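Okay, structure first, notes after.
Read the figures in this text as sums done on the coordinates, not as results from a lab. Note that the structure is a prediction, hence the values are computed from the model and not measured. When we count neighbours, we look across all protein chains shown, and the Cβ atoms used for this are built from the backbone with ideal geometry, even at glycine.
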Amino acid sequence: MARNTNGKGFSLKDHLFNEQKVRGLGDRFAAVDVNFNAEIFVEKVMTTLPVLELKQRVVCITEGLEAQLPKDFKKASKIIIKALPPPLDPTKTDDDFGDFIFAPLGEYVVRNGLRKNNVATSLATLQEITQRFSMEDSIRYFINTFEEDTLQELESWIGHTSYHVRRLVSEGTRPLLPWSGRLNIPVSVPLPFLDALHADGTRYVTRSIANHMNDIAKIESDLVVQTLLRWKKEEKQDVMELDWMTRHSLRTLLKQGHSGALELLGYHTKPKITVEQFSLSSDSKKIVPGDPLTFSFTVTAQKNEKLMIDYVIDFVKANGQTKPKVFKLKKIDIQKGECVEISKNHRLLANATTFTLYPGKHRLTLQINGVQHESLDFEIKE
C-alpha cells in the first residue's frame with residue numbers, strides 16, 4: 001500500500017507516480033537510446049514530484065522526458081515507440097486501462113507534436129501508446145486543433161485489431177469525458193463512429209460507447225433514444241449485450257423520467273397502479289446526520305405492469321435552497337390485482353463524499369416510471 005508523506009494512509013498519486021515507477025520509465029528509455037541518462041532523469045523528476053498533485057506529476061515527468069529526448073519530435077517519437085512495453089493483454093475484454101506511468105507520454109505528444117507538420121506522426125504515436133495506456137485525453141487536443149485530419153484517422157481505427165485503439169475512437173470523442181476539456185465538435189459528429197462500433201464484441205469498447213451515449217443524453221436526449229432504437233432494429237449486436245448497452249446509455253434519462261427512454265425499456269409512463277400508505281417511520285421525521293431515513297408504501301396494480309421505482313430527496317444546500325437527487329429503489333413486474341409492500345432504510349451519511357448534509361426541511365418523493373407521486377417532508381437537525 002502506498003502511503004503519502006503525511007502518513008495518512010493510501011495515496012493514489014503516490015501509488016501511480018513514485019520513484020520506482022519513474023525509474024522504471026527511465027530505464028526503458030535508456031535501453032533504447034544511448035543519449036538518455038536514466039539517473040539524471042530520475043533525479044530531475046524526483047526533486048519536485050513528491051510535493052506535487054496527481055496531474056502536476058504527469059507534467060513533471062513530461063518535463064523530465066523533454067530534457068532528455070531529441071528536440072526533433074519525429075526522432076523523439078521513434079524513441080518513445082521503441083521504449084514501450086508489449087501491448088496490453090489482447091485476451092482481456094474489459095477493465096484493462098493500463099499503467100498510469102505512461103500518461104506523460106501522451107502529455108509529451110501534445111506539448112511537442114501538436115503542429116500541422118507533426119499531426120500524422122503524433123496520431124501514429126498515440127495509437128501505439130493507447131495500447132499500453134489510454135490516450136483519451138491527449139487525442140482531444142488534436143480533435144480540437146486539427147479536426148478533419150484527426151477524425152479521418154479515427155475513422156481508420158474503427159477496424160483496428162486492438163480493442164484499445166477501437167475504444168479510443170469512442171472514448172476520445174465523448175462530449176463530457178471526465179477530467180478532460182470539452183470538444184469543439186457537435187455531439188452528432190462522432191455518431192457514425194458509434195454506429196460502426198456498437199456491434200463490437202469487446203465489453204471495454206461497448207462500455208465506452210454506452211458512456212458516450214449517456215454523455216449525449218445530457219445534451220440531446222432524443223438523439224440517444226432514436227439511435228438506440230435504430231441499433232435495435234439493425235440487429236448487428238448480440239441481443240443481451242445491446243440490452244445492457246441500452247440500459248447503461250439511458251441511466252441519466254431514466255432518473256430524469258424521460259418518456260422515450262422509459263418506453264424503450266418497456267416501462268409505461270402512465271402505469272395503472274395505486275400508491276397508498278406512503279409514510280415515514282416516527283424516528284425519521286426529525287433526524288440527525290448518520291441516522292436512517294425509513295419509509296414504506298404499497299403499490300397495487302390494476303393491470304400487469306413493469307415498474308421502475310425510484311425516490312427523490314430534495315436536499316437543502318448551503319444557501320438554504322434545495323436540490324433533488326434521484327436514488328434507485330426497485331424494479332418489479334407486478335400482476336393485475338397484486339399488492340406489493342415496499343420499505344427502505346436510507347442512511348443519511350454525515351460525511352458523504354459527494355455532498356454535505358445541511359440542517360433544515362427536506363422532502364422525500366416517490367418516482368415510479370419517471371412520474372412523481374406522493375411527497376413527505378422530514379427535517380435534518382443540527
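Pick out, from Leu126, Ala199, Ile380, the residue whose Cα sits farthest towards the positive end of the charge dipole of the chain, with +1 on the Cβ of Lys and Arg and -1 on the Cβ of Asp and Glu.
Checking the options against the dipole of the chain, the answer is Ile380.
Quick check on the chain: helices-only [θ] at 222 nm, where DSSP H runs of length 4 and up contribute -39,500 (n - 2.57) each and the sum goes over total residues. Nearest 500, please.
Taking each H run of at least 4 residues, the total per residue is -12500 deg cm²/dmol.
Among Ile40, Gly9, Gly26, whose Cα sits farthest toward the positive end of the charge dipole of region 4-103 (+1 at Cβ of Lys/Arg, -1 at Cβ of Asp/Glu, about the Cα centre)?
The residue sitting farthest along the positive end of the dipole is Ile40.
Tell me the angle of helix 19-32 to the major Cα principal axis of the chain, expressed in degrees between 0 and 90 and rounded to the nearest ten.
For helix 19-32, the angle is close to 40 degrees.
For region 141-241, what ratio Rg/Rh do Cα atoms give with a Kirkwood hydrodynamic radius?
With Rg and the Kirkwood Rh in hand, the quotient comes to 0.94.
Provide, in order from the shortest bin, the percent of all Cα-Cα pairs of region 69-263 in each 5 Å bin, continuing until the bin that contains the maximum pair distance.
1, 8, 17, 19, 19, 15, 10, 6, 3, 1, 0, 0
With a bin width of 10 angstrom, please list the P(r) values of region 6-143 as percents of all Cα-Cα pairs, from the 0 bin to the one holding the largest distance.
Going out from 0 Å in 10 Å bins, region 6-143 shows 12, 43, 35, 9, 1 percent.
Treating only the Cα positions of region 273-380 as identical point scatterers, give the base-10 log of I(q)/I(0) from the Debye formula at each q in 0.10, 0.11, 0.12 Å⁻¹.
The Debye formula, applied to the Cα set alone, gives -0.30, -0.36, -0.43.
Hey, what angle do you get for helix 54-66 against the long axis of the chain, alpha-carbon based, 0 to 90 degrees rounded to 10?
That helix lies at roughly 20 degrees to the long axis.
Region 238-324: percent of C-alpha pairs farther apart than 16 Å?
Beyond 16 Å sits 69 percent of the P(r) for region 238-324.
How would you rank Cys339, Cys60, going from fewest to most other Cβ atoms within 10 Å of each one's own Cβ?
Cys339, Cys60
Specify the angular offset, from 0 to 90 degrees and rounded to the nearest 10, of the alpha carbon long axis of helix 203-217 from the longest principal axis of the alpha carbons in the chain.
The answer is roughly 60 degrees.
Quote the charge dipole size of region 37-105 about the Cα centre in Debye, to the nearest 20; the model charges only the Cβ of Lys and Arg (+1) and of Asp and Glu (-1).
Value, rounded to 20: 420 debye.
Over the chain, what is the relative contact order in percent, taking alpha-carbon pairs closer than 8 angstrom and at least six residues apart?
9 percent
Could you line up Ile40, Ile61, Ile129, Ile143 from fewest to most neighbouring Cβ atoms inside 10 Å?
With the fewest neighbours first, Ile40, Ile61, Ile129, Ile143 line up as Ile40, Ile143, Ile129, Ile61.
To check you understand DSSP bridge types, tell me what percent of the beta bridges within the chain (both residues inside) are antiparallel, rounded to 5.
Bridges in the chain that DSSP calls antiparallel: roughly 95 percent.
Once you list every other residue whose beta carbon is under 14 Å from the beta carbon of Asp215, what net charge do they have if Lys and Arg are +1 and Asp and Glu are -1?
Local net charge: +3.
Using only alpha carbon positions, build the gyration tensor of region 214-289, then give the equivalent ellipsoid semi-axes as the square roots of 5 times its eigenvalues, largest first, whole angstrom.
33, 16, 12
Only four residue types carry charge here, +1 at the Cβ of Lys and Arg and -1 at the Cβ of Asp and Glu. Report the dipole size of the chain about the Cα centre in Debye, rounded to the nearest 20.
640 debye
Which net charge results for the neighbourhood of Val312, defined as the other residues with beta-carbon distances under 14 angstrom from its beta-carbon, given Lys and Arg at +1 and Asp and Glu at -1?
The answer is +2.
Using unit Cβ charges (K, R positive; D, E negative) and no other charged atoms, how large, in debye to the nearest 20, is the dipole of region 247-291 about its Cα centre?
Its charge dipole is roughly 160 debye.
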